[in-house]
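Here is the structure we will look at, set down as structure tokens.
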Amino acid sequence: MPRPPASVTDPQSAQKAARLGGVLGTARRSVGLSQQRLAEQAGVSIGSIAKLEAGRNPEPGFFLVARVVSALSHSLSAPKRSALQADVHAFFQP
């Protein structure tokens with residue numbers, strides 16, 4: 001069942017978005033990518049990456065996040081890739 005849209009003022013959504021942004025930013029920096037390079041590899045705008053990492057997108061689309069995770073996964077070790085996927089999976093759980 002789909003989740004209802006979250007309000008930007010919803011504190012729980014804001015906290016989840018901040019955690020997701022932190023996880024994605026940490027993963028990006030750990031592989032030495034700039035936001036611009038990650039955006040190019042993921043096929044998304046740099047604004048989308050910046051918004052995700054800053055936690056300013058309380059309800060990012062699944063496919064946006066999947067593209068970013070896929071682009072990051074190519075450069076991550078297996079344990080880091082698994083941890084990233086688990087963190088992202090947790091974000092999309094109700």
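Label positions at ALA86 and GLN12, each projected 7 Å from the Cα along the C-beta direction, are separated by 2.3 nm. Between the helical axis of 62-73 and the longest alpha-carbon principal axis of the chain there is an angle of about 30 degrees.
If a spin label sat at a point 7 angstrom from the Cα of GLN93 along the line to its beta carbon, the backbone N atoms of the range 58-84 nearer than 16 Å would be those of 82-84.
Peptides 63-69, 74-80 ordered by packing proxy, namely the average of other Cβ atoms within 10 Å per residue, highest first: 63-69, 74-80.
If I take every Cα pair under 8 Å that is 6 or more residues apart in the chain, average their sequence separation and divide by the length, what percent do I get for the relative contact order?
35
Can you compute the equivalent ellipsoid semi-axes for the chain, i.e. the square root of 5 times each eigenvalue of the Cα gyration tensor, sorted largest first and rounded to whole Å?
Rounded to whole Å, the semi-axes are 21, 15, 11.
Calculated [222 nm] ellipticity per residue, helices only, for the chain: -21000 deg cm²/dmol; basis is -39500 (n - 2.57) per DSSP H run with n ≥ 4, divided by all residues, nearest 500. Carbon-plus-sulfur fraction of the accessible area of the chain, 1.4 Å probe, in percent? The C+S portion of the solvent-accessible surface of the chain is 58 percent. With each label modelled as a point 7 angstrom along the Cα→C-beta vector, the ALA54-GLN36 pair spans 1.8 nm. Neighbours of VAL23, meaning other residues whose beta-carbon lies under 14 angstrom from its beta-carbon, give a summed charge of +4 when Lys and Arg score +1 and Asp and Glu score -1.
The values are calculated or read from the model by the stated rules, or taken from the named source; none is laboratory data. Treat the numbers as computed from the prediction; the structure is a model and nothing was measured. Note: ideal-geometry Cβ built from the backbone for every residue, glycine included; neighbour counts use all protein chains shown. In case anyone asks, the SASA skips ligands and DNA or RNA and just uses the protein heavy atoms, side chains included. Shrake-Rupley method; radii C 1.70, N 1.55, O 1.52, S 1.80 Å.
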